[in-house]
Amino acid sequence: MSIAAKANALWKYANPRKFLATSERVLPFFWLTSASCLVAGLVWGFFFTPDDYKQGSTVKIIYLHVPAALMAINCWLMMLATSLVWLVRRHHVSALAARAAAPVGIVMTLIALATGAIWGQPMWGTWWAWDPRLTSFLILFLFYLGYVALWEAIEDPDTAADLTSVLCLVGSVFAILSRYAVNFWNQGLHQGASVMRAGAVTGTDTEEKVSNIYFYPLLLCIVGFVLLFIALVLYRTGTEIRARRIKALLTRERVNG
Amino acid sequence: MIALLLRDLKLAFRAGGGFGLGLAFFLIVTVLVPFSVGPQAALLSTIAPGILWLGALLACLLSLDRLLALDWEDGSLDLLATAPLPLEAVVTIKALAHWLTTGLPLVLAAPVLGVLLNLPAPGFLWLVLSLLVGTPAMSVIGTFGAALTVGLKRGGLLLSLLVLPLYIPTLIFGAEVARRGATGIETQTPLLMLAGITAATIALLPFASAAVLRINLR
Amino acid sequence: MTLVVTDLAIARGGVPVLEGLSFRLEPGQALILRGPNGIGKTTLLRTLAGLQPPLAGGIDGAEDQIAYASHSDGLKPTLTVVENLSFWASVFGTHDIQPALDAFALTDLSDRYAGNLSAGQKRRLGLARMLVTDRPIWMLDEPTVSLDNTAVQMFADAVRAHLGQGGSALIATHIDLGLDAEVLDVGANKPKPSPIDGFDGGFL
């Protein structure tokens, strides 16, 4: 199959029926694999890794904190992508997927903030510091709130999809701007991103690396969170499609008597 | 285009136009600050640049829900949308009118309120300059928020929720300039960043505002 | 300028309201739009005026040719009659508002604030706006609401003069204006319920 043909084949999932049928088939797989990854990763991480020589056992909150933070950002990126697809191709499923993902993103952001506070208390001696990274997540949280509030406020589903998509686009630009502004505003306590740097993975980075002992269970947790996110979004998108269908059928009934 | 600007200015200055409300709000917020944090001159002069920036920002926000909503209610927006004027120009003019009636008076009033808060002498110039550069961005961003919520019955609160996060970069760099200026530190970098944000929002955001306005007019 | 509408389908709030609508509006011609309440006359006028996209079908010759008057007149209560009218004149790039004032007997009211006008006077001012747009195709949505008989006559005369200059008009109204106009009844264009299994079938 050529690339173009493959791309065309992908769009067939924009049909709500096709999407529902397929997502119902693959959902059990995502639930199961994400649950096993999370259980394995968390048990491994919590009980079978040594305490850090500086941070003690508090370091183990990393298994929730880092994956949640990653998903908080990736969820917004996914919403950005699906919003663009809606604006360009007008596939309803795409807009509904963005709507379905937002609350998941909010929860992920909250988990990242809460675990960060719990971790920060013993480490920095304070629940909250206006550290750039923490502040950026707080700002991301505000953007999520606005996005969800706009969806909720508008009656007509297509108008809501259009407006929230534009807000998502504009919001993304301003979120990035805020990130740079916040960095400029306060150099912080937080260590750099721990996972994505090459040094962290190879273990050559001396100061702030996540060493291999912690890294493999962390990787497992991240995979688990990604799968959990996919499962939640597929599931919630299904719900949104059904809610939309009910609304459409009710309107139909009212109009046609 | 000039006609629209003149009409909006006229409407703002006539009875019930709301001109001066933002200014009065700015004054009251500034007066309330010493009541809440105490009258110590040293403390006030430390927080003065930040408080004045925050006050100006909130005063800007206050008048946003009237920016397009009035034209929406009396049908002018429908008629403007079918007029030869592109909607991009309409929203730009609306933002300009908002700045002239809200932003600019705030800039001019800020030094007077700075005296009330013991703003250090070197800070006045930078406060005015940063507000002068930053308030246009607030009007343009606010117009985008107003365009997003124009069709909603009770859009005011939602408008704040949508617009305030978008104000964050402007606030950070603007207040940074004012704070640095007041303490005599170099202000060039944040001032350039602030000017960059303002220029970019003026250049790009009207397209987004016009797009959401079109969606709302459907 | 001829307005050609072919096989038009339109929707309001995501619900199709009219379909399969075709007509031509020639220069010098007036069409009276009829149909029961809620059939979609306002939606049709808004679609033709370019405020919302059609579901399907074609609209030719409408771009930048239409002057649209909706239910609300877009008047500012704190501007005078002249100020309101000259604003719209300059937006549409015309300047002489005196003929419009004369046609709707507004000259005596020219310095009054629009907020102090009666409902009928406001409506007259709203209709006078059509004259300063200098556009050939008028789209009027229930133009005679709150007008007395004299004012209705003024309006009918203004439309006649407009048609005489090669303009055209599409008017949604239920009263007889005494115009030599054809009637476009859209009552028959109510869409049949569409089958539920289209591509986005789950939704529509």
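Based on C-alpha pairs under 8 angstrom that are at least 6 apart in sequence, segment B:2-216 has a relative contact order of 27 percent.
Shown for B:VAL177, A:VAL43, A:VAL223, A:VAL166: other C-beta atoms within 10 Å of each C-beta, ranked fewest to most, produce the order A:VAL43, A:VAL223, A:VAL166, B:VAL177. Rounded to the nearest 500, the helix-only mean residue ellipticity at 222 nm of the protein assembly as shown stands at -21500 deg cm²/dmol, with each DSSP H run of n ≥ 4 adding -39,500 (n - 2.57). For the residues of C:5-15, the average number of beta carbons from a partner chain within 10 Å of their own beta carbon is 2. Counting Lys and Arg as +1 and Asp and Glu as -1 over every other residue whose Cβ lies under 13 Å from the Cβ of C:VAL4, the net charge comes to -3. Here segment B:2-216 is assigned +1 on the Cβ of each Lys and Arg and -1 on the Cβ of each Asp and Glu. Its dipole about the Cα centre then comes out at about 160 debye. Ordering B:HIS98, C:HIS71 from the fewest to the most neighbouring beta carbons within 10 Å gives C:HIS71, B:HIS98.
Taking Cβ atoms as reference points and 13 Å as the exclusive limit, the residues near C:ASP96 contribute a net charge of -2, counting Lys and Arg as +1 and Asp and Glu as -1. Residues of segment A:18-39 with the amide nitrogen closer than 15 Å to a label point 7 Å from the Cα of A:ARG89, along Cα-to-Cβ, please. Only A:18-20 pass the distance filter.
Partner aspartates and glutamates whose Cα lies under 15 Å from the Cα of C:LYS76, excluding those fewer than 8 positions away in the same chain, are identified as B:ASP8, B:ASP71, B:GLU73, B:ASP74, B:ASP78, C:ASP111.
Between B:ILE47 and B:ALA121, full extension at 0.36 nm per residue minus the direct alpha carbon distance yields a gain of 25.2 nm. Restricting the chymotrypsin sites (Phe, Trp or Tyr not before Pro) of segment A:35-98 to loop positions (DSSP other than H, G, I, E, B) with no more than 14 neighbouring Cβ atoms within 10 Å leaves A:PHE48, A:TYR53. Modelled this way, with points 7 Å down the Cα-to-C-beta line, the labels at C:ASN37 and A:VAL255 are 2.0 nm from one another. For A:PHE225, A:PHE29, the sequence from fewest to most other C-beta atoms within 10 Å is A:PHE29, A:PHE225.
Counting only aspartates and glutamates at least 8 places from A:LYS60 when in the same chain, those with an alpha carbon closer than 12 Å to its own are A:ASP51, A:ASP52. Beyond 29 Å, the tail of the calculated P(r) for chain C holds 28 percent of the Cα pairs. For a straight C-alpha distance cut-off of 18 angstrom, the aspartates and glutamates reachable from A:LYS18 (same-chain residues fewer than eight places away being disregarded) are A:GLU240, C:ASP197, C:ASP200. The Cα trace of segment A:71-133 gives Rg and Dmax of 16.0, 50 Å, the first to one decimal, the second as a whole number.
Three principal axis extents of segment B:2-216 based on alpha-carbon atoms, in descending order, are 56, 35, 29 Å. Note that the protein assembly as shown, at 20 °C in a medium of 1.002 mPa s, gets a Stokes-Einstein diffusion coefficient of 75 µm²/s from its Kirkwood radius over C-alpha pairs. Projecting the Cα atoms of C:MET139, A:SER136, B:PRO206 onto the charge dipole of the protein assembly as shown (Cβ charges, centred on the Cα centre) puts A:SER136 farthest toward the positive pole. Each residue of segment A:35-45 is assigned a 3J(HN,Hα), and the resulting list reads 4, 5, 4, 5, 4, 4, x, 5, 4, 4, x Hz, derived from the Karplus form 6.51 cos²θ - 1.76 cosθ + 1.60 (θ = phi - 60°), x at Gly and Pro. Residue-wise HN-Hα couplings along segment A:65-77, as the Karplus relation 6.51 cos²θ - 1.76 cosθ + 1.60 with θ = phi - 60° gives them from phi, are 5, 5, x, 5, 4, 4, 5, 4, 6, 5, 5, 5, 4 Hz; Gly and Pro carry x.
Bear in mind that the values in this text are calculations on the coordinates, not laboratory data. Please read all numbers here as calculations on a predicted model, not as lab measurements. A quick note on method: Cβ atoms are made from the backbone with ideal geometry, for glycine too, and the neighbour counts reach across all protein chains shown.
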